[in-house]
Amino acid sequence: MLFGPKDLETVTVTDLTPAGKLLRQPSPDHPLFYAAISGGYHDLGGLKGGEKPIARQSVDQTMIKILAKQGYLPVAPGQRPDVILAWKWGTLNIYIFQDGSGLTFRRANEGQLLRFLGGDKLGLISRYGDPFPEQTLAPGLFPISGDAQTLIDTSKEDLYVAVISAYAVTLRDAKHAELLWNTRISAPARGFWLPEALPAMLAIATPYVGRETTKPVWIRATDKFKPDIHLGDLRMVEYLEKTPATVVVAGPSS
């Protein structure tokens with residue numbers, strides 16, 4: 001590369017529901033135990049060919065490690081879980097289409113990307129509810145913060161994404177699970193393949209998983225960053241080794 005390797009940039013945002021705010025905050029010393037659902041790989045935006053796959057088992061094992069760092073441990077056989085944790089990963093690509101003039105190409109789902117990135121926490125969602133937002137039609141007329149502009153710029157790129165959601169063990173009603181918290185992790189995909197980007201994204205996002213963020217957290221990983229997740233606590237390592245996580249598989253197989 002002319003300018004050397006590109007740093008991986010990760011955006012993490014976590015929302016807690018009212019029920020989630022009542023949930024005890026776990027720690028490695030005082031964990032919560034979960035049953036796991038692996039939702040697999042998904043293309044959440046525009047479809048593009050040629051993406052390199054990543055093995056579900058590799059993603060699941062990384063998820064288990066980062067959750068352990070946050071005080072969430074897989075439930076032991078015969079034990080009742082405190083929460084249900086579900087995760088999925090994949091791409092959220094820009095969907096571009098040509099308008100009626102035949103000359104202009106527009107991003108049809110820029111608002112979708114902005115919402116995923118946590119634009120509501122920076123006051124951008126109402127402004128970007130329309131696929132052709134005011135800022136695009138009349139740039140410079142709407143003063144915005146540096147953080148908001150960075151998020152807007154990121155919403156114009158294809159993203160690698162991961163989502164981790166926590167649900168109450170008991171149903172809210174006969175058909176619906178009660179959401180407790182939702183963590184969304186994303187990184188601009190340009191210059192990377194999913195198998196190299198996703199483990200690093202998850203490792204970078206670890207401190208914010210299940211912890212509410214007042215705004216999107218933006219972290220740039222330097223070339224010194226290693227995506228290895230060291231658990232540290234010997235009791236935690238021993239527990240994970242002796243209690244293999246039973247992960248319910250849902251969605252695509254890869």
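Annotation: amide H of LEU8 within the under-5 Å range of ALA221, sequence separation 5 or more or interchain, hydrogens built in the peptide plane. Amide H contacts of VAL169: ILE84, each under 5 Å away and 5 or more positions distant or on a separate chain (H built 1.01 Å from N in the peptide plane; Pro and chain starts excluded). Packing-based ranking of 74-85, 201-212 yields 201-212, 74-85, ordered from highest to lowest mean Cβ neighbour count within 10 Å.
For ASP29 and HIS42, calculate 0.36 nm times their separation in residues minus their Cα-Cα distance, and state this gained length in nm to one decimal. Could the numbers behind the result be given before it?
On the way: separation 13, 0.36 × 13 = 4.68 nm, distance 3.41 nm.
Full-extension gain reported as 1.3 nm.
Coordinate-derived values only; no laboratory data. Note that the coordinates shown come from a computational prediction; the quantities given were computed from them, not determined experimentally. Positions of Cβ are backbone-derived with ideal geometry, glycine not excepted, and every protein chain shown enters the neighbour counts.
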